[in-house]
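The next block holds one structure in the form of structure tokens; read it before the comments.
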Amino acid sequence: MSATLTDLGIAFGRVAFVMLFVLNMGGLLTWVERKQSAVMQDRIGANRASIFGLRLFGLFHPLADAIKMLTKEDFLPARADRSLFTLAPLVSLVCALVAFAAIPFGDVLRVGAREVPLQAVTLNAGILYVFAMLSLGVYGVMMAGWASANNYALLGGQRAAALMISAEVAIGASIMGVAMVYGSLDMMEIIRGQGRPLFGWLAWIPAWGIVTQPLAFILFLTAGIAATKRIPFDLPEGESEIIGYFVEYSGMKFGMFMMADFVETVVIAGMTTALFLGGWQVPYLAADGFSFPWGATAPLAHLTVVTLQVLAFCLKVSLMCWFLMLVRWTLPRFRYDQAMRLGWLGLFPLSILNVAVTGLVLLAWRAP
Amino acid sequence: MNLVVFFVVAVVAVASALALVLRRNPIHGALFLVVNLGCVAVLYLLLSAEFLALAQVIIYAGAIMVLFVFAIMVLIPGKEETGPDPLRPQRLLALPLGAVLLLEIALILKSSVFQAAQPVAPPPALPAGAGGIETVGRLLLRDYLFPFEVTSVLLLAALVGVLALAKRKAG
């Protein structure tokens, strides 16, 4: 009995870690968004929210946001479709939240006789799971646009659907190359594969996805930014001038859409980390400690290694989030037709080409 | 545990299928179909067909139904279908045809073919990774390569045919 209870506890802990990580990162990103844009534009940024005079560089602003959104009037347009209008933000947020579950945040942790994979859900085809959840997120946006009974919202929802479909096609096609190189759809296996050294005189470089699949990295990142619907691909919402799918939403329902965008940013950062930046791999860190290519070794305890790996994963995801923010505050918005052309005539053919070239190289590599 | 999940999912699947047929609102109908497809994916998962379940979600729920909903949003912006039902004469046929189908199902269930096909002993345990992507890939690209490729040609032909038809109508 106690064994099953322990197992349940471990499963709960794995899910809780991922859930808290994603939710907190999403919340923190609202602060990062304000502060980073302020630094980039030579401003001070939000710093007024305080608890007993304590300001902490504006870190209390996400709290203030939450209180504001929860106490606002929850407005329902007169001709709106009640059930769909309420369901839409939930669908958006839930799909974004559960997507992270298959992304591993560390290698297997050994406690006594148990082996705990540091991943909320172990799946044979983990990439496909994340991809499926991302593609289901479209429904929230489309339902919102349709249920609002507002033509501008409807048009926004259609722009969102078209953008997300074209982005997902490119995401799926660019992932294929990575799956081919590492020979698996299991994210854990792909990350383990990225721990191996490259060949020949390049053996001092770990075979991270960004080295073996540089084109796929650029394509995936571009399509990923498009899937989060943020600048430069914010044509569905256009928060500053064009009107988007959530124009009729207020209070926490609007907050959930905002949150879903931030969570999607975290998911894309997590996927980029797992597929292209070596996931939880630390360069030259094997299961029993560091072993550098010039011969030096530094043996480490199992727990230290795992902690280092989890920290490395968190650091990489944070760095990717920072980079996505940098992009968001640097580039202007694509026009609708430009985004479509980029997706279907740029990203998609290039990722198919990437798959073909990868296949040929792999065949030539393994032929002798 | 699996049995409980199965019954819950089965009830939701049947309910959503009924709602799909009975709702007048086309968007609601389409969304109920998405729910139904999701339920079927869970059933695949219970049969340890992991890859099939994910493919079901990605292709049917995530791509085809998105296009359905998109088309409904573009073409029927109102809440309900308007105008007279163009298929009204077919309603007369519905009842007798439904009765025939019910009779057929009853006959098949009673027939010896079906009863012989029912396993008496519990089915043997699946080998490890039976529903995994390696097995599916090996089956599709080695054992059933020819039908698989022919299917893709068929899909391509359908695609080109649709384009040709649409072009002619426009011109």
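The values are calculated or read from the model by the stated rules, or taken from the named source; none is laboratory data. Given the structure is predicted, the values throughout are model-derived calculations rather than measurements. Counting neighbours? That spans all protein chains shown, and the Cβs are built from the backbone with ideal geometry, glycine included. Heavy atoms of the whole protein, side chains included, go into the accessibility calculation; ligands, DNA and RNA do not. Shrake-Rupley method; radii C 1.70, N 1.55, O 1.52, S 1.80 Å.
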So for the range A:287-295 (the condition being touching a residue at least 60 places away in the same chain (Cβ under 8 Å) and small (Gly, Ala, Ser)), does at least one residue qualify? yes
Which members of the range A:124-154 meet the condition of being part of a helix (DSSP H, G or I), more than 7 Å from chain B (Cβ to nearest Cβ) and either among the polar types (S, T, N, Q) or touching a residue at least 60 places away in the same chain (Cβ under 8 Å) (or both)? A:Gly126, A:Ile127, A:Val130, A:Leu134, A:Gly140, A:Val141, A:Ala144, A:Gly145, A:Ala147, A:Asn151, A:Tyr152, A:Ala153
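Output the helices (runs of 4 or more DSSP H) that fall wholly within the range B:1-60 and possess 2 or more residues being within 12 Å of chain A (Cβ to nearest Cβ) and either exposed (fewer than 15 other Cβ atoms within 10 Å of the Cβ) or β-branched (Val, Ile, Thr) (or both), or say none. Working first, answer last.
On the way: elements: B:2-22, B:26-46, B:50-55.
The qualifying helices (runs of 4 or more DSSP H) are B:26-46.
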Identify all residues within the range B:61-75 that are more than 7 Å from chain A (Cβ to nearest Cβ) and more than 30 Å from B:Ile133 (Cα to Cα); write none if there are none. B:Ala71, B:Ile72, B:Leu75
A:Gly209 vs. criteria touching a residue at least 24 places away in the same chain (Cβ under 8 Å), more than 11 Å from every other protein chain (Cβ to nearest Cβ) and surrounded by fewer than 24 Cβ atoms within 10 Å (Cβ to Cβ): no
Name, by its number, the condition in (1) assigned to a helix (DSSP H, G or I); (2) more than 8 Å from chain B (Cβ to nearest Cβ); (3) touching a helix residue (DSSP H, G or I) at 6+ places or on another chain (Cβ under 8 Å) that does not hold for A:Val121. (1)
Restricting attention to the range A:92-116, and to residues there that are in contact with an Asp or Glu (Cβ under 8 Å, 6 or more places away or on another chain) and open to solvent by 10 Å² or more (accessible area, probe 1.4 Å), which single residue is farthest from the other protein chains (Cβ to nearest Cβ)? A:Leu109
Looking at the range A:155-182, I want the residues that are within 30 Å of A:Arg366 (Cβ to Cβ) and more than 9 Å from chain B (Cβ to nearest Cβ) and have a partner that is of a type in the set (Asp, Glu) and surrounded by fewer than 23 Cβ atoms within 10 Å (Cβ to Cβ) with Cβ atoms under 9 Å, at least 6 apart or on another chain. Which pairs are those? A:Tyr182/A:Glu189
Can A:Phe21 be described as within 30 Å of A:Val121 (Cβ to Cβ), in contact (Cβ under 8 Å) with a residue 60 or more places away in the chain and not small (Gly, Ala, Ser)? yes
Only unsatisfied item for A:Lys35, checking (1) basic (Lys, Arg); (2) open to solvent by less than 40 Å² (accessible area, probe 1.4 Å); (3) within 14 Å of chain B (Cβ to nearest Cβ), is (3)
Please enumerate the residues belonging to the range A:280-309 that are at pLDDT below 90 and under 19 Å from the mean Cα position of the chain (by Cα). none
